[in-house]
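Colleague: I am attaching a structure below and will ask some questions about it afterwards.
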Amino acid sequence: MEVKTNKRRGDPGKPPGLHRTAGCTVELISSHNRVFDYLRDIQNRPQWERMSSGSLVQALANITTGPDPCNCSSVLAMSNHKEILLLQEYCTDATGSYVIFPPITPDVFQSMLYGVDQDIPLMPFGFSILPNVSGSILDGTLLTMVFQITVKNVSSKQAVEVVTQIVKEALQKIIEAVN
């Protein structure tokens, strides 16, 4: 697990403040495609993601981003978090996949729909999913998760503990589900 701290002061596209980023890579015995399919399926999200736990997740919009229907951008709503939407993008090809999902507010989503030109601060987090190749043998998957939070009214130690715990919990649940 690696944890990094950044202090942003009005960087374009980044919310100002103190940010903690945690990342970790694990090896899985499951195929790259199985892990990708599990992570992009919104019905599985409450099983591994803390924010949507116990929530009904639904897609408000889906936009295919190429000829492969597995490459898509979506806006997701959670029944227990009306003030937050997730802007999810997922993409795959033979070399690997990713699933990213920055949270956005409904107001930001409306601005995006109406084409309002504004600097939208995003705190993306998500997964890189790579086939693990040993020589010429495909041997499972390398899954990297990165998660960011803006630190407000908590100590540095608490912020590190929070992001570390979120990453650990999610990865453990994913490992249990796909292996």
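The values are calculated or read from the model by the stated rules, or taken from the named source; none is laboratory data. Everything quoted here is computed from the prediction, not taken from an experiment. Because the Cβ atoms are built from the backbone with ideal geometry, glycine has one as well, and the counts that use them run over all protein chains shown. With ligands, DNA and RNA removed, areas are computed over all heavy atoms of the protein, side chains included. Shrake-Rupley method; radii C 1.70, N 1.55, O 1.52, S 1.80 Å.
Colleague: Counting only the heavy atoms of the protein chains, how much of Lys168 is accessible to a 1.4 Å probe, in Å² to the nearest 10?
Modeller: Counting only protein heavy atoms, the figure is 110 Å².
Colleague: Relative contact order of the chain: what whole-number percent is it, with Cα pairs under 8 angstrom and at least 6 residues apart? Intermediate results must be reported in sequence, preceding the final value.
Modeller: On the way: 350 pairs, mean separation 48.9, N = 179.
27 percent.
Colleague: How high is the FRET efficiency between Met112 and Gln172 when r is their beta carbon distance and R₀ equals 35 Å, given to the nearest 0.05?
Modeller: Numbers: r = 34 Å, r/R0 = 0.96.
Efficiency, from the Cβ-Cβ distance: 0.55.
Colleague: Next up: Net charge around Thr65, counting only other residues with Cβ within less than 15 Å of its Cβ (Lys, Arg = +1; Asp, Glu = -1)?
Modeller: Values: positive: Arg40; negative: Asp68, Glu89, Asp93.
With Lys, Arg at +1 and Asp, Glu at -1, the neighbours total -2.
Colleague: May I pose another question? Give me the extension gain from Lys157 to Asn132: residue separation times 0.36 nm, minus the current Cα-Cα distance, reported in nm with one decimal.
Modeller: Values: separation 25, 0.36 × 25 = 9.00 nm, distance 3.38 nm.
Difference between extended and current length: 5.6 nm.
Colleague: Also: Any chance you could get the radius of gyration and Dmax over the Cα atoms of the chain, in Å?
Modeller: Gyration radius and largest Cα-Cα distance of the chain: 16.7, 50 Å.
Colleague: Would you list which lysines come within 24 Å of Lys173, measuring only between C-alpha atoms, while excluding same-chain residues fewer than 8 positions from it?
Modeller: Once the sequence-local lysines are set aside, what remains near Lys173 is Lys4.
Colleague: What relative contact order, as a whole-number percentage, does the range 70-161 give when Cα pairs under 8 Å and 6 or more residues apart are counted?
Modeller: Working: 137 pairs, mean separation 17.2, N = 92.
It rounds to 19 percent for the range 70-161.
Colleague: Hey, which lysines would be in cross-link range of Lys7, C-alpha to C-alpha under 22 Å, not counting anything within fewer than 8 residues on its own chain?
Modeller: Excluding near neighbours in sequence, the set is Lys152, Lys157.
Colleague: Using packing as a proxy for protection, rank 66-74, 140-148 so that the peptide with the highest average count of other Cβ atoms within 10 Å comes first. Show your work: numbers first, answer last.
Modeller: On the way: 66-74: 13.2, 140-148: 20.4.
Ranked from most to least packed, the peptides come out as 140-148, 66-74.
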